[in-house]
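Q: Could you have a look at this structure, given as structure tokens, before my questions?
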Amino acid sequence: MIQLIKQNIVSRDLSYDITISSSIIEEKLNYYESSNLNPLYIVDENISKIYSKLLPYDKDRVYIFTANEKNKTFKELIKIEEFLSKNNALRGSTLIALGGGITGDITGFAASIFMRGIPFIQIPTTYLSMVDSSIGGKTGINFDDAKNIIGSFYQPKEVIIDINFLETLNDEEFLNGFAETIKVAAISDIDFFNLIYDNYQNIIDRDQELLLKIIEQSCVLKSNIVKEDTYETNKRMLLNFGHTLAHAIEIDSDNQITHGYAVALGMIYEMKYGVEKGYIKEEAYIKILDMLKRFNYQTEYKINNTDIFLSALLKDKKSTSKGITLVLTDENMVGKIVEKIDAELLLNIFND
Ligand SMILES: NC(=O)c1ccc[n+]([C@@H]2O[C@H](COP(=O)([O-])OP(=O)(O)OC[C@H]3O[C@@H](n4cnc5c(N)ncnc54)[C@H](O)[C@@H]3O)[C@@H](O)[C@H]2O)c1
């Protein structure tokens, strides 16, 4: 039996538990139902079908959300706010997100603006949402072709990770999320990076004990960074490794390349740029490339429409008064932030 791991995020203005376990979800949901939390649920449509037994008897308290990037919009946000209003979500209500990163992001944002903030709980069901999107309090929706451009920092009351959800997640979605584990290892923990590299086959085979360890370490690394810089003024930017290009790749591919796969490509091309500009050694680039090849990620990308790509790059949140920023990492897996990137030069990397 897999043990319960608790990681507490504590900083000046946030403190909550992340519980990582298996076979814990029924007990947790029963507890919420019998508590005075007045729980309301935003549930990923697929989860509502596969795990229908988990949902409360009273279906009026459940909003079924079809999770895709095109639905991560104001239109859906308004429907969720209407659902909250119809259910008299007074300050005593708790909004529970049950689903992947898209569901968690829009639910967190909805919770943050309803009555200027009602409590919410994250129950991530994809690998990506377990190790990344459910932790750290970034919430949001897409707008005007820009990903997650409207949102808030709003921390959940708790995060419950039950790795049994992964049993129904296909390999593509699993690897989609695993790119974020590779990313966080690549910017902050060479031992963890090497452990992943050495055990890639057991990871692909989803060895439960190993996965639990890896999910825990991913959460610990992310929460340590978030604790230091909750509002992304400095160190938290390191978590954007691969993401400057990833968002443009997602838009340019019309979301055919999903977030994690785009992050994998982003890491490769950002590192390639870093080598060309002399910011990092080639050895560091090769380490990242080798790792991603091991897991069979797509390692080459051809831009479909340069105008769309460039516009997405410039609209991205990581494009600031300091120009476009990039995160790179060295051969010891220590990440660094590089500012004032020339967009045209960055695009040229794709033609090399
Ligand atoms: N807030 C943050 O800090 C942060 C960080 C990284 C990514 N994100 C966001 O996360 C989103 C991507 O999240 P995602 O990859 O979880 O995508 P997702 O929420 O779309 O889920 C992927 C697919 O898996 C299905 N699914 C979910 N759980 C399942 C399960 N247990 N079994 C079977 N199918 C299941 C969903 O229905 C969906 O079709 C993006 O919008 C990205 O911007 C946010």
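Read-outs throughout are calculated quantities, based only on the coordinates presented, and are distinct from any laboratory measurement. Here the structure is a predicted model, which is why all the values come from computation and not from measurement. All Cβ positions, glycine included, derive from the backbone under ideal geometry; neighbour counts span all protein chains shown.
Q: Inside region 165-180, can you point out the residues that are surrounded by fewer than 21 Cβ atoms within 10 Å (Cβ to Cβ), near the ligand (Cβ under 10 Å from one of its atoms) and among the acidic types (Asp, Glu)?
A: Correct list: GLU167, GLU172, GLU173.
Q: Name every residue in region 232-257 that is in a loop (DSSP other than H, G, I, E, B) and under 24 Å from GLU69 (Cα atoms), in order of residue number. Please lay out each step first, then the result.
A: To start, the set of residues in region 232-257 that are in a loop (DSSP other than H, G, I, E, B) comprises 232-234, 241-242, 253-257.
The answer is GLU232, PHE241, GLY242, SER253, ASP254, ASN255, GLN256, ILE257.
Q: Tell me, which residue of region 54-76 that is within 13 Å of the ligand (Cβ to nearest atom) and in contact with an Asp or Glu (Cβ under 8 Å, 6 or more places away or on another chain) is nearest to ASN170 (Cα to Cα)?
A: Of the residues in region 54-76, the ones within 13 Å of the ligand (Cβ to nearest atom) are 54, 64-73, 76.
With in contact with an Asp or Glu (Cβ under 8 Å, 6 or more places away or on another chain) added as a condition, the list becomes 54, 64-67, 69, 72.
Working: LEU54: 20, ILE64: 21, PHE65: 20, THR66: 18, ALA67: 16, GLU69: 19, LYS72: 22 Å.
The qualifying residue nearest to ASN170 (Cα to Cα) is ALA67.
Q: Being within 16 Å of the ligand (Cβ to nearest atom) and farther than 19 Å from ASP17 by Cα is the filter here; which residues of region 189-230 pass it?
A: ARG206, GLN208, LEU211
Q: Same structure, new question: Check off (1) closer than 30 Å to ASN255 by Cα; (2) more than 9 Å from the ligand (Cβ to nearest atom) for TYR51 and give me the number that stays unchecked.
A: (2)
Q: Could you grab me the full set of residues in region 267-314 that are touching a Leu at 6+ places or on another chain (Cβ under 9 Å) and assigned to a loop (DSSP other than H, G, I, E, B)?
A: LYS277, TYR279, ILE280, PHE295, ASN296, TYR297, GLN298, THR299, GLU300, TYR301, ILE303
Q: Let me confirm something: among LYS222, LYS213, LYS272, LYS235, which residue is touching a residue at least 40 places away in the same chain (Cβ under 8 Å) and under 27 Å from ILE160 (Cα atoms)? Step through it out loud before you land on a result.
A: Working: LYS213 fails: touching a residue at least 40 places away in the same chain (Cβ under 8 Å); LYS272 fails: under 27 Å from ILE160 (Cα atoms); LYS235 fails: touching a residue at least 40 places away in the same chain (Cβ under 8 Å).
Exactly one residue qualifies, and that residue is LYS222.
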